[in-house]
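Nothing in this text is a laboratory measurement; each read-out follows from the coordinates by a stated rule. Worth saying up front: this structure is predicted, and the values here are computed from it rather than measured. Cβ coordinates were reconstructed from backbone atoms using ideal geometry, including for glycine residues, and neighbour counts include every protein chain displayed.
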Amino acid sequence: MPEGHSIHRIAIQFRHNFVGHRIAASSPQGRFADGAAELDGRTMLAATAIGKQLFLEFEDDRILRVHLGLYGAWDFAGEISADATIASSNGRMGQTNQRGTLLEQYGEQTPLDFGGSIGAPRRLRMAEQEKEETLDAFPPDPVGAVRVRLLTETAVADLRGPTACEVLDPQQVETVIAKLGPDPLVDAGPEAEERFVRAVRRTTKPIGLLLMDQSVVSGIGNVYRAELLFRARLDPHTPGREVPEETVRALWRDWARLLELGVRTGQMMTKDDLTEEEWSKAMADQQERHYVYKRHGLPSPRGEGDIVIEDMGGRNLYWAPGWQVRPGTGG
């Protein structure tokens, strides 16, 4: 399932190439024909990611909510951007394009934005991993079961396989957002950190489940869960209320840092202190970017013993018992 960094990058792509443009919306697959008709011919006003949720706001209070789920992906083609760079002088992504919109208050706080264009005709698939390919013409024909196509004169976005794809009004969007935990790219202030700390330390649920609960914190999936817990040297089974407050705060701040790095690079890089050669190798090989994720059976990179895999909450959990311990048990 795409994690938070991917959805933020998708939102940036929309802000860079679709916000401010009149959109031709259609549903080549046919399953979203009514929703596409509500959006067709309207100008896109804002694009915002909160955790794993994407909100595209159009004229007349119509907002497209998309959750990619396990199988969803966006394909972008045309005059689209390929890289995220530091390009904003005011430290806010896309705010000049979102002024006066419902979603303005949820605009990201980081100075990340796309710079440059890969030029048409190209296609960039954006989900858990990003892939480029060259096209012969623009716009390309829809490939596969495209739920919704959003088209401007210079760019097209095709959505396939989402868990959720619906047109909402502002009140319905507020209801959805109210159920989401904080996202450090949306709110980097102290209250967001406090919300996270309170949510974790008031329950006996294991921290390994809490980090995946989108009502506790937005955007963390299986990869970041495993890596954050390893970096914190924390046993995934530790009840939330037993995790020291300073450790919970450190988890939040580490998540904020890894999330911003993921948006910047387009990769879930979770290793620290790499040499230039090691960094290049890791960017080219997913297995070299992580300490424990999908490395079960290998020796732990810290401490003793091997990395193990087990089920937690219906998802594979990777961790290193010889390194990750419950607070107060030593190690």
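Work out how much length residue 287 to residue 174 would gain on full extension: take 0.36 nm times their residue separation and subtract the Cα-Cα distance, in nm to one decimal.
Values: separation 113, 0.36 × 113 = 40.68 nm, distance 3.86 nm.
This chain segment gains 36.8 nm when fully extended.
On the principal axes of its Cα set, how long, how wide and how thick is segment 190-319? Give whole Å, largest value first.
43, 32, 25
Describe numerically, in nm with one decimal, the distance between label points set 7 Å from Cα along Cα→Cβ at residue 325 and at residue 265.
2.9 nm
Eigenvalues of the Cα gyration tensor times 5, then square-rooted: what semi-axes does that give for segment 213-260, in whole angstrom, largest first? Numbers along the way, then the final one.
Working: eigenvalues 50, 28, 26 Å².
In descending order the semi-axes read 16, 12, 11 Å.
Take peptides 275-284, 144-153 and line them up by average Cβ neighbours within 10 Å, highest first, as a rough protection proxy.
144-153, 275-284
Of the listed peptides 187-193, 290-296, what is their order by residue-averaged count of other C-beta atoms within 10 Å, with the highest listed first?
290-296, 187-193
With each pseudo-label sitting 7 Å past Cα toward Cβ, what's the residue 22-residue 311 distance in nm, one decimal?
5.4 nm
Between residue 38 and residue 280, what is the label-to-label distance in nm when each label sits 7 Å out along the Cα-to-Cβ direction?
It is 5.1 nm.
On average, how much area does the Cα convex hull of segment 21-78 cover when viewed from any direction, in nm²?
With every direction weighted equally, the projected area is 4.6 nm².
Of 52/205; 205/281; 179/205; 179/294, which sit over 28 Å apart, Cα to Cα?
Numbers: 52/205 22 Å; 205/281 37 Å; 179/205 18 Å; 179/294 31 Å.
Where the Cα-Cα span goes over 28 Å, the pairs concerned are 205/281; 179/294.
Can you tell me which of 298-308, 264-274 comes out highest on packing, and rank the rest after it, using the mean Cβ neighbours within 10 Å?
So the order, starting with the most tightly packed, is 264-274, 298-308.
Of the chymotrypsin sites (Phe, Trp or Tyr not before Pro) in segment 30-78, which ones lie in a loop per DSSP and count no more than 16 other C-beta atoms within 10 Å? Can you show the working numbers first?
Details: sites: 32, 55, 58, 71, 74, 76; in loops: 32, 71.
Hits after loop and neighbour filter: 71.
Give me the extension gain from residue 154 to residue 241: residue separation times 0.36 nm, minus the current Cα-Cα distance, reported in nm with one decimal.
Additional length available on full extension: 26.1 nm.
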